[in-house]
Structures are given as structure tokens and as C-alpha cells.
Amino acid sequence: MRQPDWQIAAGAAPRGGEAPAVSAADIRALLADSGGLATDAATLSDEDDLYAAGLTSHGSVNLMLALEERYGVEFPEHLLRRRTFESIAAIRAAVAGLLLDGAPGGLEAG
Amino acid sequence: MDMRAEGTPVENGQAAFRDALVAAGLLIPTGVDGLYGRSGVFEDVVERFNDLITTWGGDDGADVMRFPPGVARHQFEQSGYLKSFPHLAGTIHAFKGDERAHQSLLRRLEEGEEWTDSQMATNVVLTPAACYPVYPTIAERGPLPADGALVDVYSYCFRHEPSLDPARMQLFRMREYVCVGTPEQVMDFRQRWVERGRALMESLALPVAVDLANDPFFGRAGRMLAASQRDQGLKFELLIPIASAEQPTACLSFNYHQDHFGLLWDLRTPDGAVAHTACVGFGMERVALALFRHHGFDVKAWPAAVRAVLWG
């Protein structure tokens, strides 16, 4: 598996501090590739309801798998929920949380 | 003698109920878990229950369609079933070789070698749910009439989930009413059937509970699909304790597919919108088993009120 880019960002961040960089632009690009939206992902704000924009259940599964590949994370059972993927902001928060949990010197060390 | 490893209390209960059904002659074992013959008494109960469904639903004017327990492979492939349930699907394979291949087949059979790997896929897949042939059939007709479409189907279905539980057969019958129309039309249909289904089953003096449910989607992605299905309240089941009191069995299900099949098959309402679909499914063997569990193996000794509902 490809080395996740976040490790570079995490190394530069204060330990146990801010979430590693997860850019809305990256998520928007993954959404455009794998979400199967009826709407152009570029026109969506971070807070827009992705399900209202045409994200289907199968589309959200594809998006989840793409996010796992891109960031080298695995969504745990409690995040396999519809609301985890309801907006770009929600996805950012979820992925950032997973990266913090998994980062050396992250939450579990602090 | 039972040589199986000790199971959980639930599994032991299921196996004991199955053994009792076999001993009573209601089910005929084949040596494969989940594959049974049915006795005349068992079949009579299934047929009477099938007629009872028609008594409750027949006046709605559904278009009756009866398909064999196979769907065309091209329709199955387009249905998306393999995305969600690859572990349950059963494909039909057949011998397509020449005489030399036949000799090889017989030799391998004789010597106890693997022979099935040279079988080739046919264009028929075992029906996973009775409604699967309905959607492409309705799509062929073009845009829906103003009041939508209502179809009555009944078929044997196959799911590859061998189990000791006699209520989880690999080949079983499912009767369904399928509604295709606007979101309002199909939601009305489903709500009507949740109420009707409960009343219908209570008329048989069975202990029922209706609860939110999800389909057995495959893998981690499937857990996401299942959670999403529950979050949106898309599937309800009518549950009756059969082999286990702790884990009651889904005997009826009430499903709202949103635009899933509408998008797949380009089903359209008269104004051009993507149609929504819903269905109510009756697990025929499960209902028969629930009746045998709660009223006994001797149908002549069933409560008079229940006998009157089924046999008139």
C-alpha cells in the first residue's frame, strides 16, 4: 500500500495537537471519482448534504473504500453509519479523527 | 446418532426442532442442511396460507405473474445482486463438453476426484427473491400508468446459507406483492401491508412482533449498507419465535427500495421521474413452521379458529 501523505503533515504538527491535514479538495476529488453523484462535486460546499446531492448507499460504500485507500485508515464499526458520510465536513472530521487515533504520539499517547 | 460438535443453545434448539419435524414426517431429509422434501400435510398448510394471502390482498387487482425459480443471467447481472449478496447467490452450471470430456467426467466421478470445476455457466441463475424478474418485466412495458404497477409473484428461491435451522432453508418459497410507482404510492402500499400482515398473522393465533431490520449484506461494506438501511427505516420484518425464543424468525418482510430498482431498470412514472419500488414478502415455509411450532404437528388438533381461517 502507498505511504499515506498525512504522515508528512503529522510529523510537522505539534504532537497530540491538531488533526493531520485532510483537505476538503482531496475529499471532493474522491467524491467525484467514486461517489456517483448526480451533482458536480466541485459545486458542493463543505456542509452540503451529500445524500441530497445524489450519494447512494452503494456510492457511500465506494467512497468509504476510496478514503481508506487514500489515507491508509480503516473505518471502525461505529463509524459505518450514514451520517459519517453526510457532508464533506463530516468526512473530514471522521478521517482526521482516525488519523489522530493512529498517529504516533497521537491521542492514545497523550 | 448425532456426530456434530456441540452447538450453542440456539443451534441445539434448531437442530432438535428439525429432528422433530423429520421424525413427524413433515420434512423429508436429503442429507444436505437446508434442502428438504415436504409432506402432503406440510404442503396443504402452505397452500392454504397461500390462499389466505390472496384473500387479504387479491382485491387490490395485482397482475399475477408466475416465474420458474430461475432468472435470466443477463437480468441477474444487471440487478446488482452480486454487489450486495455475492455469498448467497447460486448460479446454474452444466456440462458442455464433447465425448472425450464426458469420459473424463465419468473417470473423475468414479475415482472420487473433483469433477464440478469443468462444468460451465448456463444463462440461468437461481432466483434469489421472487420479485427479481418483475422489475425488468415492468421496465419493458415503458412508463408506468398513473396508479403505478402492482404485481403478485410466487416462486421458489435459493440462498446459499446451509443451516441446521429448519427455518433457514436453501430452497424455499416466497410469495410477494410488488409495488412500482411514486414514492407516495409505494410508501402507502408498504404501510398498508405492515398493518395487514400483522392482522393476517394474528388471525392465525401466532405471537408476532414487527421490528426494524436489515438485509444480510456481504462484508464490511455490507455493515455500512445495513446501518444505512436501518437509519432510513427501509426494511421491517414480522417476527415469530420458531426454533428459538431469543432469536425469532422473520416470516414476513416489508421493504422500501427507494429508487434502487427504478434507477437500475429505468422504471419511470408518467411524468418521467424515476419510479420507486416496495414489496411485501411472505416466507411460506417459515409461516408453516411457525404454525407447526405454536399449534402442534397434528393439524386436526389446531385451534378451531385457526382451522376455520385456513380451511374455512
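Considering B:269, B:277, which residue is more than 11 Å from every other protein chain (Cβ to nearest Cβ) and touching a Ser or Thr at 6+ places or on another chain (Cβ under 6 Å)?
B:269
Yes/no per residue for (1) within 16 Å of residue B:166 (Cβ to Cβ); (2) charged (D, E, K, R); (3) surrounded by fewer than 22 Cβ atoms within 10 Å (Cβ to Cβ):
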residue: B:242; (1), (2), (3): yes, no, no
residue: B:247; (1), (2), (3): yes, no, yes
residue: B:250; (1), (2), (3): yes, no, yes
residue: B:254; (1), (2), (3): no, no, no
residue: B:263; (1), (2), (3): no, no, yes
residue: B:271; (1), (2), (3): no, yes, yes
residue: B:274; (1), (2), (3): no, no, yes
residue: B:277; (1), (2), (3): no, no, no
residue: B:280; (1), (2), (3): no, no, no
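Could you grab the pairs with beta carbons closer than 7 Å, sequence gap of 6+ or different chains, first residue in the stretch A:30-41 and closer than 17 Å to residue A:71 by Cβ and part of a helix (DSSP H, G or I), second one modelled with pLDDT of 85 or more and polar (S, T, N, Q)?
A:34/A:62
Collect the residues in the stretch A:74-102 that are more than 25 Å from residue B:217 (Cβ to Cβ) and among the β-branched types (Val, Ile, Thr), keeping them in residue-number order.
A:88
Among the residues of the stretch B:197-225, what is the count of those that are crowded, with 20+ Cβ neighbours inside 10 Å and within 14 Å of chain A (Cβ to nearest Cβ)?
Selection size over the stretch B:197-225: 4.
Is it true that residue B:25 is buried (at least 17 other Cβ atoms within 10 Å of the Cβ) and either within 16 Å of residue B:156 (Cβ to Cβ) or more than 16 Å from the chain's Cα centre (by Cα) (or both)?
When the stated conditions are applied, residue B:25 does not pass them.
Hey, among the residues in the stretch B:62-86 that are within 14 Å of another protein chain (Cβ to nearest Cβ) and assigned to a loop (DSSP other than H, G, I, E, B), which one's surrounded by the most Cβ atoms within 10 Å (Cβ to Cβ)?
B:79
Would a scan of the stretch B:44-52 turn up a residue that is touching a Lys or Arg at 6+ places or on another chain (Cβ under 6 Å), hydrophobic (A, V, I, L, M, F, W, C) and surrounded by 12 or more Cβ atoms within 10 Å (Cβ to Cβ)?
Among the residues of the stretch B:44-52, not one is touching a Lys or Arg at 6+ places or on another chain (Cβ under 6 Å), hydrophobic (A, V, I, L, M, F, W, C) and surrounded by 12 or more Cβ atoms within 10 Å (Cβ to Cβ), which makes the answer no.
In the stretch B:231-265, how many are of a type in the set (S, T, N, Q), under 16 Å from the mean Cα position of the chain (by Cα) and either more than 22 Å from residue B:79 (Cβ to Cβ) or outside any strand (DSSP E or B) (or both)?
1
Conditions (1) more than 14 Å from every other protein chain (Cβ to nearest Cβ); (2) out of contact with any Pro (no Cβ under 9 Å at 6 or more places or on another chain); (3) buried (at least 19 other Cβ atoms within 10 Å of the Cβ); (4) of a type outside the set (D, E, K, R), marked per residue:
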residue: B:138; (1), (2), (3), (4): yes, yes, yes, yes
residue: B:195; (1), (2), (3), (4): yes, yes, no, no
residue: B:232; (1), (2), (3), (4): no, yes, no, yes
residue: B:236; (1), (2), (3), (4): yes, yes, yes, yes
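List pairs: first in the stretch A:60-81 and facing chain B (nearest Cβ under 7 Å) and buried (at least 21 other Cβ atoms within 10 Å of the Cβ), second aromatic (Phe, Trp, Tyr) and outside any helix (DSSP H, G or I), Cβ under 6 Å, 6+ apart or cross-chain?
Close Cβ pairs satisfying both conditions: A:64/A:75.
The values are calculated or read from the model by the stated rules, or taken from the named source; none is laboratory data. Just so it is clear, the structure is predicted and the values come from calculations on it, not from any experiment. When we count neighbours, we look across all protein chains shown, and the Cβ atoms used for this are built from the backbone with ideal geometry, even at glycine.
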